[in-house]
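I have placed the structure first, in the form of structure tokens, so that the comments after it can refer back to it.
The values are calculated or read from the model by the stated rules, or taken from the named source; none is laboratory data. This structure is a prediction, so every number in the text was calculated from the model and none was measured. Positions of Cβ are generated from backbone atoms using ideal geometry, with glycine treated the same way; all protein chains shown enter the neighbour counts.
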Amino acid sequence: MKLKSAVFVVTAILLLSFTIEAQKLKVTSGKLKSLSDHKSFNMVYTYEDGLKIGKKTEAVYTAEKVADKNEDEAGSGDAWLVKWEENKQGGKFFDKFETLFNEVLESKGVSGSRDNSSATCTLTIDVYYMDPGYNVGISRRPAYVSMTATFTADGNELAVVNMVKAPGSGAGGYDFDAAYRISEGFEKSGKTLAKSLAKGAYK
């Protein structure tokens, strides 16, 4: 009986892990196969004006973070805000997305990068939701990132993909830094989108 209970618990944990790792991806406009002639992408990264961090606006989230950290240690909140902006504009976030996107599609002869003047198609990533998650040792929850990917060429919109709640967490539970967890969500998004393109556009 004890063995059966243990097996049930392990199975439940594995199923939960699988659910957490899943990301919803939906083509909301156009078709991925319309990208088959494009092997080079100019990557443009933006954040929606109404970007939400969990249930809060970004302005509220960052203001609270800065105030809390400065209260604990003078100046640490201001330093955190500088790092937050650095990560948003590249740093840990979009670099992770781009790296995994290219790794997955390398075998297809497809690549993307910022300021790519020779690209035949533009891929615009617009982030509209981020949840930093948490890790306090005895309890943890992954970060989540949601974004849209819009493909355009010669002024025409070829496809739009909505990617909802990519989970971000580190192996072994050592993901105590929120920026790291979020970056893993970006990495997951790049990988998931690339895999979809590999199947839908570059078979």
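Only one of the listed residues (T99, T124, T148) is in a helix (DSSP H, G or I), under 30 Å from G200 (Cα atoms) and not small (G, A, S). That residue is T99. Within the stretch 43-65, being free of Cβ contacts under 8 Å to residues at least 40 places away in the same chain and either among the acidic types (D, E) or part of a strand (DSSP E or B) (or both) holds for D49, K56, T57, E58, E64.
Quick one: in the stretch 66-95, of everything that is touching a strand residue (DSSP E or B) at 6+ places or on another chain (Cβ under 9 Å) and part of a helix (DSSP H, G or I), which residue is modelled with the lowest pLDDT? Among residues in the stretch 66-95 that are touching a strand residue (DSSP E or B) at 6+ places or on another chain (Cβ under 9 Å) and part of a helix (DSSP H, G or I), the one modelled with the lowest pLDDT is K88.
Quick check: is even one residue across the stretch 70-87 among the polar types (S, T, N, Q) and within 16 Å of the chain's Cα centre (by Cα)? Scanning the stretch 70-87 turns up at least one residue that is among the polar types (S, T, N, Q) and within 16 Å of the chain's Cα centre (by Cα).
Of the numbered conditions (1) modelled with pLDDT of 95 or more; (2) touching a Lys or Arg at 6+ places or on another chain (Cβ under 7 Å); (3) under 22 Å from M147 (Cβ atoms); (4) not polar (S, T, N, Q), L105 fails exactly one; give the number of that condition. The single condition L105 does not satisfy is (2). When residues in the stretch 157-188 are screened for being polar (S, T, N, Q) and at pLDDT below 95, 2 of them pass.
Please go through (1) surrounded by fewer than 16 Cβ atoms within 10 Å (Cβ to Cβ); (2) at pLDDT 95 or above; (3) among the charged types (D, E, K, R) for K191 and return the number of the only condition it doesn't satisfy. Among (1) surrounded by fewer than 16 Cβ atoms within 10 Å (Cβ to Cβ); (2) at pLDDT 95 or above; (3) among the charged types (D, E, K, R), the lone unmet condition for K191 is (1).
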